[in-house]
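Student: Could you have a look at this structure, given as structure tokens, before my questions?
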Amino acid sequence: MKAPDEAEFTEFAASSIRRLRSTAYLMCGDWHRAEDAAQDALVKVYRRWHRIDRTQGLNGYAHKCLVTAVLDQSRRSWRRERLVDAEDQVAALPDPGGTVDDKLLVVQALAALTPGQRACVVLRHYADLSLEQTADVLGIGTGGVKSQTSRGLTRLRELLDQTERSAT
């Protein structure tokens, strides 16, 4: 890679790694897997850097690589053997203002969604991708994104309402 491209990629990677990692975490519920997925996605972006349309397609391509990495990880048999409890991961974080419980509830609720619903909800509402970008990243039609997002949000509301009612 040429020096200007190298510098441009380094700047992109530095500015997007946290967002990619957080998006991956919401999709898989494991910080270690999220870190691996974000790094795998950046490696794929690096390999195709000179072919990517950086005016429009860079963010979408990075998310497409991220989704693929998360889904590939979940298919590996050695990944399925190690179950990580989201409570243990979140409990290790500092809790300014008591927000850990709320975050934990949302992460647990996201984990209860189907992979397609979870991907659509996370990409649309956390990664802030458009309907068309989400469809492109997931390789499905916009109608599929709409229905998966709608079903996912409905299920999230049910799960979070159920948790709220049981807490009172």
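Student: Suppose R0 equals 45 Å; then what is the FRET efficiency for Glu6 and His32 from their Cβ-Cβ distance, rounded to the nearest 0.05?
Tutor: Once the sixth-power term is evaluated, E becomes 0.95.
Student: Where a Cα-Cα gap under 23 Å defines reach, which lysines qualify for Lys2, not counting those fewer than 8 residues away within the same chain?
Tutor: Lys2 reaches Lys44.
Student: Something else now. Carbon and sulfur atoms: what percent of the 1.4 Å accessible area of the stretch 101-160 do they account for?
Tutor: Looking at the stretch 101-160 in its full context, I get 51 percent from C and S.
Student: Taking a probe of 1.4 angstrom, what is the accessible area of Glu132 in Å², to the nearest 10?
Tutor: The value for Glu132 is about 120 Å².
Student: For the stretch 107-161, what does the accessible surface come to per residue with a 1.4 Å probe? Please give it in Å².
Tutor: 48 Å²
Student: If you roll a 1.4 Å probe over the heavy atoms of the protein chains, what accessible area per residue do you get for the stretch 1-57, in Å²?
Tutor: Numbers: 3370 Å² over 57 residues.
I get 59 Å² per residue for this part.
Student: For a Förster distance of 30 Å, can you work out the FRET efficiency between the beta-carbons of Arg18 and Thr142, rounded to the nearest 0.05?
Tutor: It comes to 0.60.
The values are calculated or read from the model by the stated rules, or taken from the named source; none is laboratory data. Quick caveat, the model's predicted, so the values are computed rather than measured. Glycine gets a Cβ as well: all are built from the backbone with ideal geometry, and neighbour counts include every protein chain shown. Keep in mind that these areas ignore ligands, DNA and RNA; they rest on the heavy atoms of the full protein, side chains included. Shrake-Rupley method; radii C 1.70, N 1.55, O 1.52, S 1.80 Å.
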